1. Have a look at 170, 43, 100 and tell me which one the Gaussian network model of the chain (Cα, springs below 10 Å) gives the largest fluctuation.
2. For the chain, set up a Gaussian network in which alpha carbons nearer than 10 Å are linked by springs, and say which option among 79, 123, 273 fluctuates the most.
3. Using only Cα atoms, find the angle between the long axis of helix 63-73 and the longest principal axis of the chain, and express it within 0 to 90 degrees, rounded to the nearest 10.
4. How much FRET efficiency would the formula 1/(1 + (r/R0)^6) give for residue 271 and residue 88, where r is the Cβ-Cβ distance and R0 is 25 Å, rounded to 0.05?
5. Which value at 222 nm does the chain reach when only helices count, each DSSP H run of 4 or more adding -39,500 (n - 2.57), with the total divided by all residues and rounded to the nearest 500 deg cm²/dmol?
6. Cut-off is 10 Å between beta-carbons; in what order do 250, 197 appear when sorted fewest neighbours first?
7. Express as a percent, rounded to the nearest 5, the fraction of DSSP beta bridges in the chain (both residues included) that run antiparallel.
8. Tell me, what is the percent relative contact order of the chain, built from C-alpha pairs under 8 Å that lie six or more residues apart?
Ligand SMILES: NC(=O)c1ccc[n+]([C@@H]2O[C@H](COP(=O)([O-])OP(=O)(O)OC[C@H]3O[C@@H](n4cnc5c(N)ncnc54)[C@H](O)[C@@H]3O)[C@@H](O)[C@H]2O)c1
């Protein structure tokens with residue numbers, strides 16, 4: 001089994017590569033990554049020299065490079081993590097999101113069609129469903145909910161999903177899609193909420209919180225997401241969409257306060273900043289399908305996962321710097 005993992009030098013992709021190399025030593029894993037600002041070659045340093053692993057720096061939009069790699073490696077399956085992933089950046093400059101998240105996905109799927117792969121797995125997000133009101137905790141998105149993306153980022157991911165389902169219907173490409181809630185854990189670039197707050201709290205710097213911090217997200221430890229993708233790859237139904245979520249809804253402000261508590265820092269570090277444009281209020285998904293069909297459930301609770309994450313960032317000073325919009 002040769003598995004091509006695109007975007008494997010980023011946050012979830014690198015965690016997925018570590019997960020697969022450890023649990024499926026019989027697989028050959030090839031990582032294709034452009035190494036944008038969000039991808040770091042040294043993230044993969046521990047596995048770079050390992051037999052059965054190969055790293056290739058390339059852009060998923062580069063049809064020639066993608067086809068050459070398919071010719072050389074003849075992968076059995078592709079897991080596509082490669083994406084522009086930060087909502088704030090998509091608000092400032094949407095175009096690259098359309099290129100990578102839509103056109104890049106099409107380039108990969110065209111190569112899969114030509115080479116007759118057993119599976120193309122598209123890693124998507126719960127953000128494709130848009131948001132839910134804060135005062136209706138009974139409402140959850142299912143796989144049948146309409147796509148109502150709010151940001152250029154989520155619209156580009158929804159477009160990638162629609163295209164993947166169209167390739168399944170039109171060409172019979174064996175596609176699966178996972179729509180996961182917010183991930184946290186090691187190797188996440190410090191522009192995202194949890195690593196940003198940990199980094200800043202560790203250095204006693206202001207903790208910028210959008211609006212009043214009342215937005216609700218469903219959180220999942222990254223390894224649980226990796227396990228879900230591995231299961232879908234092996235046992236998911238072609239054409240199937242699977243919501244992956246932790247049933248762990250938290251308000252942003254409560255997460256920031258929890259991080260302060262864990263690190264022994266005062267809440268006075270919190271600085272409320274002007275809200276993000278079009279900020280989604282609440283994301284919440286129903287993961288019953290993957291639970292019932294594939295027997296997946298999250299294994300890491302939030303309290304345990306956040307402690308592990310805080311410890312990791314406390315030890316990894318090199319992961320605390322970043323070029324985010326509110327940099328002083
Ligand atoms: N982080 C989350 O909470 C979350 C939740 C649900 C879904 N997702 C999805 O999971 C996937 C991975 O997210 P992440 O948080 O690991 O992202 P990330 O930004 O940390 O990593 C993205 C990786 O893709 C690479 N990349 C970007 N453009 C590329 C291109 N054109 N060609 C090749 N490589 C390219 C980058 O170099 C980087 O290594 C994304 O598709 C995202 O939409 C993320």
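1. 170
2. Greatest mean-square fluctuation among the candidates belongs to 273.
3. Tilt of helix 63-73: around 70 degrees.
4. With a Förster radius of 25 Å, E is 0.95.
5. Helix contribution divided over all residues of the chain: -11500 deg cm²/dmol.
6. The most exposed by this proxy come first: 250, 197.
7. Roughly 10 percent of the DSSP beta bridges within the chain come out antiparallel.
8. 18 percent
The numbers here are math on the coordinates, done by the rules we state, and not lab data. Since the structure is predicted, the reported quantities are computational estimates derived from the model, not experimental observations. Cβ sites come from the backbone with ideal geometry, for glycine too, and all protein chains shown count toward neighbours.
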